[in-house]
Amino acid sequence: MDDLLQKLKDLVNESNRIVAFTGAGISSESGIPTYRGTGGLWSKYDPSIYANIDFFLRDSTYYWNFFRDERHPMLKQAKPNAAHYALVQLEKRGKISRIITQNIDGLHQMAGHSYVIELHGNARKILCLHCDKTFTIDEVYEKLKQELPPKCSCGGNLKPNVIFFGESLPQDALEEATLVANNCDLFLVLGSSLVVYPAANLPEIAKKENAALVIINIDPTPLDDIADIVIHKSASKVLSEVV
Ligand code: NAD
């Protein structure tokens, strides 16, 4: 481990265009459960009901009950952890060119990044599907005390600003992520199982363009074999050491 950590420190020292690509694992120590694995959200909530766009458009009451009981309290209590703050430090030192996240929790911004590429949206924003008006999670939480499902004042249905299964990723975010992956010197994966596509293509794109690939994830990933450094440890512990 000491050798790997030293190798990682050297690589970070030599790099000036690092892309940090984060997944649910970076936020697990902030109290937000991952989807997969032991204790993952999907072991309690069936994703074909709670995260599928066709189901949501047919009957959103399941989702809004989940929002009231799980998501809203979870987003309210979650705070960035040492891994989020370590990335802010690396950005201040001019090391990071971009943060790309699959997370929907907004914790990178709360830690201090002014700009983050969000591939799967942000659960802290809720949109009216009819007039595009936006609401905070607290506003919708209040609405839910009166009506289920909650409605906009125009009568339109509401939807969290996140990508459900069955929806395409936002094209502009994906294009920008591909561009920065093409132009980085180090692609740093933090807490992602790398099984959700097309996001999981990005490390391969970076590697093909001769960037170094580092994967820090507790469990093995399908891309471990092509990475220059793989560390199966907590992202916060490893990043704190590096910084
Ligand atoms: P995932 O749930 O598929 O995998 C998470 C990975 O993180 C696992 O392989 C696990 O071994 C690892 N991990 C857990 N704790 C860790 C830690 N402290 N340090 C390092 N690694 C750790 O997550 P994913 O790859 O991001 O899956 C993609 C989907 O999950 C995305 O669509 C994302 O929107 C969604 N998601 C987001 C959040 C969030 O916003 N915080 C939470 C759950 C799921």
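The values are calculated or read from the model by the stated rules, or taken from the named source; none is laboratory data. Remember, it's a predicted structure, so these values are computed and weren't measured experimentally. Every residue, glycine among them, receives a Cβ derived from its backbone with ideal geometry; neighbour counts consider all protein chains shown. Remember, those area values only see protein heavy atoms, side chains included, never the ligands or the DNA or RNA. Shrake-Rupley method; radii C 1.70, N 1.55, O 1.52, S 1.80 Å.
Considering Cα pairs under 8 angstrom that are at least six residues apart, work out the relative contact order of the chain and quote it in whole percent.
With pairs under 8 Å counted, the relative contact order is 25 percent.
Add -39500 (n - 2.57) for each DSSP H run of 4 or more in the chain, then divide by its residues: what number comes out at 222 nm, to the nearest 500 deg cm²/dmol? Walk me through the intermediate numbers first.
On the way: 12 runs with 89 residues, N = 243.
For the chain, the value works out to -9500 deg cm²/dmol.
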**Study point:** Acute angle (nearest 10 degrees) that the helix 171-182 long axis makes with the longest principal axis of the chain, alpha-carbon atoms
**Key:** 10
Study note, to complete from the structure: For the table Lys92/Lys208; Lys79/Lys237; Lys125/Lys237; Lys44/Lys237, the rows whose alpha-carbon distance is greater than 26 Å are Lys92/Lys208; Lys125/Lys237; Lys44/Lys237
Check your understanding: Using a basic spin-label model with each label point 7 Å from the Cα along Cα→Cβ, how many nm lie between Ser153 and Lys125?
Key -> 2.0
Check your understanding: Just Lys207, Lys151, Lys44 to compare: in a GNM of the chain, with alpha carbon springs under 10 Å, which one fluctuates most?
Key -> Lys44
Review point. Helix 2-14 versus the longest principal axis of the chain: what angle, 0 to 90°, nearest 10, using Cα atoms?
Key: 80
Study note, to complete from the structure: Farthest towards the positive end of the dipole of the chain, among His108, Asn217, Ile163 and with Cβ unit charges of +1 on Lys and Arg and -1 on Asp and Glu, lies the Cα of His108
Point to revise | Relative contact order of region 157-243, defined on C-alpha pairs under 8 angstrom at six or more residues apart (%) | key: 24
Exercise for review: Would you work out the charge dipole size for region 154-243 about its Cα centre, treating the Cβ of every Lys and Arg as +1 and the Cβ of every Asp and Glu as -1, and quote it to the nearest 20 debye?
Suggested key: 260
Check your understanding: Between region 121-146 and region 193-239, what is the C-alpha centre distance in whole Å?
Key -> 34
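Under 8 Å for C-alpha pairs, at least 6 residues apart: give me the relative contact order for region 46-144, rounded to a whole percent.
Numbers: 89 pairs, mean separation 20.2, N = 99.
In percent, rounded to a whole number, it is 20.
Could you state the accessible area per residue of the chain in Å², with a 1.4 Å probe and every protein chain left in place? Working shown, then result.
Values: 11540 Å² over 243 residues.
Per-residue value: 47 Å².
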Point to revise | Portion, in percent, of the accessible area of the chain that falls on carbon or sulfur, probe 1.4 Å | key: 49
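Quick check for me: using +1 on Lys/Arg Cβ and -1 on Asp/Glu Cβ, what's the dipole size of region 89-153 about its Cα centre, in debye to the nearest 20?
On the way: 10 positive and 8 negative charges, 57 e Å.
Dipole of region 89-153, to the nearest 20 debye: 280 debye.
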Point to revise | Dipole magnitude of the chain about its Cα centre (Cβ charges: Lys, Arg +1; Asp, Glu -1), debye to nearest 20 | key: 640
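So for Arg68, Arg36, Arg93, Arg58, what's the accessible-area order with a 1.4 Å probe, most first? Please list the in-between numbers first.
Working: Arg68 80, Arg36 105, Arg93 130, Arg58 175 Å².
Correct descending sequence by accessible area is Arg58, Arg93, Arg36, Arg68.
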Review point. Projected onto the charge dipole of region 140-243 (+1 at Lys/Arg Cβ, -1 at Asp/Glu Cβ, origin at the Cα centre), which of Ser153, Asn183, Leu194 gives the Cα projection farthest towards the positive end?
Key: Ser153
Study note, to complete from the structure: Sequence order, region 213-225: Karplus ³J(HN,Hα) from phi using 6.51 cos²θ - 1.76 cosθ + 1.60, θ = phi - 60°, Hz rounded, Gly and Pro as x, gives 10, 10, 10, 10, 8, 4, 9, x, 10, x, 9, 4, 5
